[in-house]
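For reference, the structure is listed below as structure tokens.
The values are calculated or read from the model by the stated rules, or taken from the named source; none is laboratory data. Model, not experiment: these values are computed from the prediction. Here the Cβ positions follow ideal geometry from the backbone for every residue, glycine too, while neighbour counts run over all protein chains shown.
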Amino acid sequence: MTSFVIEADGGSRGNPGPAGYGAVVKDAADGQVLVETAEAIGAQTNNVAEYRGLIAGLQSLLALAGDGAVVEVRMDSKLVIEQMAGRWKIKNEGLRPLALEAGALARRLRVTWQWIPREKNKDADRLANEAMDAAAKGRPWQPSGSARMGAAGTGSVRTGAAGIGSVGTGSARTGSAPSGSVGTGSTAAAGPSEARELGPSDASAAQVSGRPATAAAPLAAQDSLLDLIDADALSLGQDVSSGQAAASGTAGTGWRAPTTVATSLLLLRHGETPLSVERRFSGLGDPELTPNGIAQAEAAAARLSREPYGIQVVVSSPLKRARATAEIVAARLGLEVIVEEGLREADFGDWEGHTFTEIQRRWPDALTAWLADPSAAPPGGESFGVAARRVQATGDRLVERYEGRTVLAVSHVTPIKMLLQSALLAPLAALYRMHLDLAALSLIEYYADGPAVVKAFNDTSHLR
């Protein structure tokens with residue numbers, strides 16, 4: 001399992017006085033800097049700035065690697081390290097809210113705390129001083145040299161980062177990698193398929209990836225994205241965006257009353273697996289669901305067993321993680337699971353089981369091509385162009401076979417995105433701009449006399 005190091009620092013010129021923090025996230029194996037962030041925070045004390053640096057470092061790691069990542073936090077602040085380790089009491093009430101915030105973030109990770117002398121904390125100290133220097137000149141902090149990656153605001157990600165996310169109060173992207181929802185920020189995912197099995201991560205991620213699931217009762221169905229578009233408005237020809245009646249149009253506009261009952265295709269991504277926890281590419285490999293993944297499937301089952309869904313058919317990818325998810329839902333519905341080979345995940349070839357960072361280091365040219373062109377395939381694997389033809393043929397067959405019925409299809413990131421992309425008449429490159437969380441629901445309705453209508457995308461309200 002990949003492990004990380006966070007080095008954080010803060011400083012104040014006056015104590016209290018103009019203050020700033022800096023933090024870096026490194027690969028523990030080779031010391032490569034994956035993320036760096038810094039910010040000036042106005043007039044504060046040294047201790048406040050140091051806690052703010054810690055919080056920024058923890059947020060950066062969660063955006064990068066998600067919940068459960070293994071990390072050693074290193075700081076030259078004995079106060080912060082000892083308080084976070086629980087060995088010293090927090091006597092300054094002004095620090096307590098910061099300590100609580102840092103503690104809540106740390107509990108989402110597997111953290112060890114290590115005090116280091118100031119001379120071994122040079123990277124974080126440099127960043128904090130850069131932030132204060134920039135503020136003194138009336139400018140926001142920007143990363144220097146090759147560390148700068150696009151418009152980073154007050155945060156930066158180096159080129160070695162995998163699963164780039166919101167960092168500090170800024171964000172960053174690498175190359176043409178796609179963006180996706182992560183916590184309250186945005187992340188550039190590993191590619192069109194988000195082949196890394198994003199957990200509630202992707203987390204800070206996920207939110208990714210993806211919120212931590214529980215077996216608690218999900219929200220009422222009418223509160224979900226699946227019901228935000230008024231089906232009656234569509235059938236009456238109303239303009240949903242304005243609430244006004246739409247002008248009469250021709251058949252096939254998607255706004256006229258359908259002349260047949262829709263075929264509804266509910267798309268459910270499978271639950272969490274060990275590979276999704278570790279952000280590893282998971283294609284034709286066959287991992288089982290984790291206990292959290294089972295809880296996610298049960299939450300989806302509880303939701304889908306209620307009105308208004310009325311599911312009549314359950315189909316699934318043949319891979320274990322999808323079939324297990326489908327069987328949990330089908331058992332709740334009293335239905336059998338029908339296996340559809342075409343709903344399997346794409347084949348990632350030699351990249352199977354590897355992290356994005358590992359692939360970036362071992363196959364940099366192949367990864368660049370794959371991120372830029374859906375016709376490019378991983379070594380020994382399947383391109384998205386090839387996968388799309390398989391998935392589309394399967395989707396067409398399902399709609400024809402189960403015309404007028406409501407079908408639940410349990411599958412993976414790539415096939416679900418491709419069905420949505422096709423329904424939207426979007427180019428295949430749209431996959432680079434889509435993000436799906438674990439156990440998320442999407443909905444497409446197909447009409448014989450008009451186009452498909454996407455009515456929901458990446459709905460995870462049942463996991464809250």
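In table form, for the structure just shown:
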{"read-out": "Candidates A426, A393, A369, A388 - the one that is in the same structural domain as S264 (by TED's automatic domain parsing) and crowded, with 16+ Cβ neighbours inside 10 Å", "value": "A388"}
{"read-out": "In the range 63-81, the residues that are hydrophobic (A, V, I, L, M, F, W, C) and within 18 Å of R110 (Cβ to Cβ)", "value": "A63, L64, A65, A69, V70, V71, V73, M75, I81"}
{"read-out": "Residue count, the range 16-31 (criterion: small (G, A, S), touching a Phe, Trp or Tyr at 6+ places or on another chain (Cβ under 9 Å) and under 19 Å from Q142 (Cα atoms))", "value": "2"}
{"read-out": "Matching residues in the range 7-46 - criterion: being outside any strand (DSSP E or B) and closer than 20 Å to P97 by Cβ", "value": "N15, P16, T45, N46"}
{"read-out": "Per-region count, the range 273-324, residues farther than 19 Å from I416 by Cβ and β-branched (V, I, T)", "value": "3"}
{"read-out": "Filter pass, A439 being over 27 Å from P274 (Cβ atoms) and either of a type in the set (G, A, S) or in the same structural domain as P291 (by TED's automatic domain parsing) (or both)", "value": "no"}
{"read-out": "Which numbered condition A99 fails, given (1) at pLDDT below 95; (2) outside any helix (DSSP H, G or I)", "value": "(2)"}
{"read-out": "Pair list, Cβ under 7 Å, 6 or more apart: the range 110-137 residue closer than 22 Å to Q44 by Cα and outside the structural domain of G11 (by TED's automatic domain parsing), other residue part of a strand (DSSP E or B) and not aromatic (F, W, Y)", "value": "none"}
{"read-out": "Criterion: in contact with a His (Cβ under 8 Å, 6 or more places away or on another chain) and at pLDDT 95 or above - qualifying residue of L441, L420, L408", "value": "L441"}
{"read-out": "Strands (runs of 3 or more DSSP E) (entirely within the range 398-464) containing at least 1 residues that are in contact with an Asp or Glu (Cβ under 7 Å, 6 or more places away or on another chain), within 19 Å of L304 (Cβ to Cβ) and not small (G, A, S)", "value": "441-446, 453-459"}
{"read-out": "Lone unmet requirement of (1) modelled with pLDDT of 95 or more; (2) not in a helix (DSSP H, G or I) for S375", "value": "(1)"}
{"read-out": "Residue in the range 47-62 that is in a loop (DSSP other than H, G, I, E, B) and either assigned by TED's automatic domain parsing to the domain that holds D133 or buried (at least 20 other Cβ atoms within 10 Å of the Cβ) (or both) present", "value": "no"}
{"read-out": "Odd one out for D30, checked against (1) under 22 Å from A134 (Cβ atoms); (2) surrounded by fewer than 22 Cβ atoms within 10 Å (Cβ to Cβ); (3) out of contact with any Asp or Glu (no Cβ under 8 Å at 6 or more places or on another chain)", "value": "(1)"}
